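The values are calculated or read from the model by the stated rules, or taken from the named source; none is laboratory data. This is a predicted model, so every value here is computed, not measured. Heads up, the Cβs are rebuilt from the backbone with ideal geometry, glycines too, and the neighbour counts pull from every protein chain shown.
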Amino acid sequence: MPDTTMPRPEMTAQFDAVIIGAGFSGLYQLHRLRLLGMSAKIIEAGSDVGGTWYWNRYPGARCDVESMQYSYAFSEELQQEWQWPELFSAQPDILKYANHVAGKLDLRRDILFDTRVTETRFDETTNRWSIRTDAGDRFEAGFLIMATGCLSTARVPDFKGRDSFKGKTYHTGAWPHEGVDFTGQRVGVIGTGSSAIQAIPMIAAQAADLTVFQRTPNFSIPSRNGPMTESYARQWKDEYAALRAEARDTRNGIIAYPNDFSALSVSPEERRRIYEERWASGGTTFMAAFNDLIFNQEANDTAAEFVRGKIREIVKDPATAELLAPKDHPIGTKRICVDTRYFETYNRPNVRLVDVRLAPIDEITPSGLRTANAEYEFDAIVFATGFDAMTGALTAIDIHATDGSTLKQKWEDGPRTYLGLMCAHFPNMFMVTGPGSPSVLSNMHVSIEQDVNWISDCLAWLRDRGVARIEATQESEDNWVLHGIEVANKTLYPKAASWYMGANIEGKPRVFMPYIGGVNTYREKCAAIATNGYAGFRLTSASATPSVAARAAE
Ligand code: N01
């Protein structure tokens with residue numbers, strides 16, 4: 001009998017792969033690794049699965065991609081059996097879906113919850129990663145797969161007096177699980193991005209008084225959400241294989257029925273008719289009205305002016321309407337928002353809009369906040385101030401490279417990757433929807449499956465050929481970064497001070513982070529690289545690995 005009163009020696013659990021994150025990326029990645037017969041563990045900071053949809057529980061949280069498209073395509077059984085209640089699903093329904101998948105595939109037994117990875121190091125003698133967590137666990141794995149999400153590091157700006165407020169504060173990206181009742185309260189919301197635009201109508205309906213602090217107005221299109229009809233779901237389910245393939249072959253991974261002609265090639269009357277049609281059908285597919293809205297400023301101006309006109313029609317007070325009408329960036333170059341009665345909310349007597357562009361927030365005070373112009377008192381403040389997008393979750397971990405640097409140091413001037421999947425000097429570390437991949441510019445489910453499938457096929461290929469180590473070469477990484485910049489510069493996107501550009505974080509380098517060449521083009525490039533024996537990657541066979549070679553010689 002072992003003496004259980006003695007402290008156990010420190011144990012290092014061994015796996016073929018460790019995955020960080022149990023959102024939709026991590027869950028599917030675990031499933032694929034199991035199918036390959038690999039041992040794998042997910043380490044997840046939350047107490048359950050769902051990633052973004054686990055944390056973002058603010059009132060009104062909802063996906064702006066139709067649920068028939070924002071869902072896994074890898075299992076015919078799953079896509080046939082699952083019933084979505086609405087066209088655009090609300091957060092609780094998407095989380096239910098993530099839970100259903102985790103249960104159906106029995107994934108939880110390989111997930112360690114409530115644990116954050118703090119540090120990872122690659123051992124060049126064994127070609128294995130060592131992984132440490134905030135709970136003191138140690139793991140070793142041949143491969144490290146970052147399924148950390150693009151918008152998972154909630155961020156509150158460093159306002160003076162930030163912690164002095166005596167009332168309640170909330171961040172949309174880390175909302176209390178039990179919900180919040182704002183009935184009778186004076187509430188301040190800071191920010192007017194996608195999260196705020198969804199939350200504001202809901203909070204306004206509850207609160208006694210709501211003040212919205214807006215720095216940059218955003219373009220938003222009505223979602224036209226509604227219940228899922230059986231016939232609509234049936235149409236999709238009957239044609240799923242073909243429709244999923246069609247989505248994968250588009251720029252954004254969404255079937256948007258794009259018009260393949262310029263906004264400037266039609267008469268003003270025809271253009272208006274097309275915009276009216278898109279406005280009436282709703283959602284992000286508004287941007288597919290013409291094929292040059294993200295490339296040509298003059299074309300973009302026609303769409304932007306149409307939406308500004310709609311805002312002026314909806315909002316009764318002309319001064320408020322003017323403040324809400326975006327003029328500082330081309331439409332679509334900050335993530336376009338999708339709403340349910342957002343602009344209408346400003347017609348309510350209990351809602352007021354404060355411009356903090358001209359008079360910024362100076363300070364959070366014990367009773368509310370102070371701008372350069374006035375002081376406000378609140379019972380609760382909601383920070384809808386976004387995320388350290390795309391890089392934040394990765395650079396928060398001390399990931400040590402083989403050249404002695406860390407990922408954070410490597411990315412000081414902006415993220416650098418090959419295909420958004422790997423980085424030079426970080427062998428055997430993959431990223432799902434990393435910077436340099438289409439990720440946030442696409443239907444995330446399509447991009448997640450693309451990346452997870454590519455990574456899984458790559459791992460099988462390496463194993464079949466006895467390759468122990470794969471690493472992006474410096475040259476391939478440099479070329480991919482240049483290509484990404486070149487493609488982005490052909491669009492209007494770099495004109496906006498957006499989180500795509502890192503512009504929402506003071507001191508963050510201004511680099512366009514996602515790949516805008518299109519999901520379809522990206523897929524072709526990734527496939528060609530794999531077909532060419534993983535061109536641009538340096539491969540090292542197991543027999544050339546020092547420790548393996550030493551063992552073989554014994
Ligand atoms: O965050 P954001 P989000 N003083 O960064 C303002 C996805 N998403 O959580 O624009 C005053 O967009 C900031 O102002 P400015 C989607 O991809 C999807 O809303 O930087 N204001 C901005 O208004 C989305 O794009 C869905 O000038 C300050 C706001 O805070 C992404 O998540 C739903 C400030 C932050 O907006 C992020 O959206 C929700 C300051 N110091 C989210 N600092 C759907 O699927 C920041 N702000 C529908």
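Numerical summary
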item	result
Selected residue [within 16 Å of the ligand (Cβ to nearest atom) and farther than 30 Å from Tyr70 by Cα] from Thr285, Thr365	Thr365
Top-ranked residue of the stretch 163-187 - restricted to ones that are under 20 Å from Trp55 (Cβ atoms) and within 16 Å of the ligand (Cβ to nearest atom), ranked as surrounded by the fewest Cβ atoms within 10 Å (Cβ to Cβ)	Ala174
Matching option when the condition is without any contact (Cβ under 8 Å) to a residue 24 or more places away in the chain and among the acidic types (Asp, Glu), among Glu344, Glu269, Glu298, Glu363	Glu269
The stretch 310-342 - residue that is aliphatic (A, V, I, L, M) and more than 29 Å from the chain's Cα centre (by Cα) and, of those, farthest from Gly283 (Cα to Cα)	Ala319
Strands (runs of 3 or more DSSP E) within the stretch 338-428 that include 1 or more residues crowded, with 20+ Cβ neighbours inside 10 Å and modelled with pLDDT under 95	none
Per-region count, the stretch 67-97, residues in contact with a Phe, Trp or Tyr (Cβ under 6 Å, 6 or more places away or on another chain) and crowded, with 18+ Cβ neighbours inside 10 Å	5
Checking Ala319 against (1) away from the ligand (no atom under 16 Å from the Cβ); (2) assigned to a strand (DSSP E or B); (3) under 15 Å from Val212 (Cβ atoms), the condition it does not meet	(2)
Residue match in the stretch 103-120 (condition: assigned to a loop (DSSP other than H, G, I, E, B) and either modelled with pLDDT under 95 or of a type in the set (S, T, N, Q) (or both))	yes
Criterion violated by Trp236 - all others in (1) among the hydrophobic types (A, V, I, L, M, F, W, C); (2) within 13 Å of the ligand (Cβ to nearest atom); (3) touching a Leu at 6+ places or on another chain (Cβ under 8 Å) satisfied	(2)
Residue count for the stretch 140-162, restricted to those that are surrounded by fewer than 23 Cβ atoms within 10 Å (Cβ to Cβ) and among the aliphatic types (A, V, I, L, M)	2
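Table: residues versus (1) free of Cβ contacts under 8 Å to residues at least 40 places away in the same chain; (2) more than 16 Å from the ligand (Cβ to nearest atom); (3) more than 25 Å from Arg34 (Cβ to Cβ).
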position	(1), (2), (3)
Met431	no, yes, no
Val440	no, no, yes
Met444	no, no, no
Ser447	no, no, no
Asp464	yes, yes, no
Ser498	no, no, yes
Lys508	no, no, yes
